[in-house]
Amino acid sequence: METEPACEKHEDPAVEPTECEVREAISALAHRERHTEHPCGLAEEGDKLKRKEQVETQSCTGESKSVNMKRPSDLEQEGRETECKNWRKLKKTNSWKMVRFQDPSADSGVLERDTSAESLFPEYVTEEWTSSVFEELFMAEDWHDITEDRLLRKNVLKPGDLNALCPTWGQEVTVKMQCVLEDRTVVEKDSKLVFVIGEGDVNQALEECVMSMQEGELTLLLTHSQYAYGHLGREPDIPAWAPLLYHLQLLDIREKPDPLSLPIADCIRIGNQKRERGNFHFQREEYSMAARAYCLALDVLTTRSRDGSGLEAEEDEVRDYRVKCLNNLATTQLKLEQDNEALDTSRDVLTLDPNNVKALFRTGKLLSDKGEYKEAMEVLKKALKLEPTNKAIHVELSKLVKRQPGGKYTQGWKAKPAEMLEDNIGPFPMKKQFGISWKFILGALAVALCSFVASVILIARN
């Protein structure tokens, strides 16, 4: 993982300008060497220094000489080291693409410095947030336990409104949050995060903590990995079994909006967010949570309105997203060994897209497993017609034919040559080749042995 350059003072003798350099006033070399004394500078500041260098190199030799003779004092060096230490308190990782950010309202061209790693709560930067060891915070007496196992704790920095109510299960909230690891590497940051409590949009720690907060409250949240990302972590920025520290403020509480009252664009956006959350759980093999996220996405991805009318211009787009979500749900249900539910979901896909090969193949396979050979053969033949070179369909048809020896429903289908499919997967069983049975060979050996013994006995008697 790449991090910011280390903010340490370099004791390189080559950096120190000699008297000869001061006397000759080689401005370009002197400026380059002076800049190497600031290894903790940001990329933006480096660009500014380079521009400044280009301007200064065009000045007269005498001016360059005067600049080079001004060596930084010990006080200035200590100031740089203090600035570097403060900067190292909050580092950022190279995985910001995984975190949602609020688009800045100001013109992006005005921002000269990357502020993504700075604290969203500069007035409440405490020692606990910047340097305290997590083990000490888990045992601190001034922290409140959210759960009985003491693995989820909070410390209120600013109380909310006295008469305000805490949000409940199913309500939508807006929070401002920032999250760091124990080494104070920032891994999550959002100035306006919106989620519904209980729908799995965020980890369990955030949901549990928000339900204990009042509107306007600002708190520090310390969570064990059990309530965050567990033994898998979150690649590439959160390691396995990593505890997390959150700076959290509850901004707004409201009821969950009705999908039928939302614009189609908002339904697509929210539905895709929940579908991606389901994909996240599926990759972690958390299939139950993935199935739940896909179902929630399907509830949002709709073109229906309260009066029963739909928008024809947007129906195709919503239908495509529903097909993706249903296919993912069916695959998850197969992982959960819910074959009947997976069959119903696959048929829902075919209702929206009759030529969806994935759904056709899945439906045919499930029907074959249930013993409904006729319907399975028709579905698989349709899938094969759409993709004639699909090896998986040929294999499943071969299995289906073997399950019904009479071949009653196999008319109209022929296996592709082995050269095309890179394997011999013909639908009909191969005839057994003629060969001598091992029982026959064993019997012959026994008879020969008995004959030999009898002949020996007869010879001995004679």
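Computed from the coordinates by the stated procedures, all read-outs in this text should not be read as laboratory data. The structure presented is a predicted model; accordingly, all values stated were derived computationally and were not measured. We place every Cβ from the backbone using ideal geometry, glycine too, and count neighbours over all the protein chains shown.
Annotations
- Cα gyration tensor shape of region 158-300, rounded if a/c is under 1.5, else prolate or oblate by comparing a/b with b/c: oblate
- Figure legend: label point modelled 7 angstrom from the Cα of L120 along Cα→Cβ; residues of region 208-232 with amide N under 13 Å from it are 218-221.
- Here the simple spin-label model places points 7 Å from the Cα toward Cβ, and for S451 and T351 these points are separated by 7.6 nm.
- Tensor-based shape of region 153-196 (alpha-carbon gyration tensor, a/c under 1.5 rounded, otherwise prolate or oblate): oblate
- Each of A293, V323, L262 was placed along the dipole of region 203-344 (beta-carbon charges, centred on the mean Cα), and the one lying farthest toward the positive end is A293.
- At an R0 of 25 angstrom, the distance between the Cβ atoms of Q338 and V395 translates into a FRET efficiency of 0.60.
- Net length gained if the chain between S191 and L162 were fully extended (0.36 nm per residue, minus Cα distance): 8.1 nm
- Segments 163-175, 262-274, 217-229 sorted - mean Cβ within 10 Å per residue, highest first: 217-229, 262-274, 163-175
- Dipole magnitude of region 122-256, debye to nearest 20 (Cβ charges: Lys/Arg +1, Asp/Glu -1, about Cα centre): 280
- Global geometry of region 333-389, whether rounded, prolate or oblate, following the gyration tensor of its Cα atoms and the 1.5 cut on a/c: oblate
- Cβ crowding within 10 Å averaged over residues, with 445-458, 126-139, 234-247, 318-331 ranked highest first: 318-331, 234-247, 126-139, 445-458
- Pair S288, D266: separation of 7 Å Cα→Cβ label points (nm): 3.3
- For the residue pairs K402/K439; K274/K385; K274/K391; K324/K385; K189/K335, the alpha carbons lie more than 25 Å apart in K402/K439; K274/K385; K274/K391; K189/K335.
- Solvent-free Debye scattering, log10 I(q)/I(0), computed from the Cα coordinates of region 261-353 at q = 0.11, 0.22, 0.24 Å⁻¹: -0.31, -1.05, -1.17
- Of the GluC sites (Glu not before Pro) found in region 319-373, those in coil by DSSP whose Cβ has at most 11 other Cβ atoms within 10 Å are E337.
- Note on E135 and T302: with the Förster distance fixed at 41 Å, the Cβ-Cβ geometry gives a FRET efficiency of about 0.25.
- Selection from W129, P167, N155 lying farthest towards where the dipole of region 122-256 points positive, charges on Cβ: P167
- Neighbourhood net charge (11 Å Cβ-Cβ; Lys/Arg +1, Asp/Glu -1) for R234: -2
- Assigned charges on the beta-carbon of Lys, Arg, Asp, Glu; region 261-353 dipole about Cα centre (debye): 320
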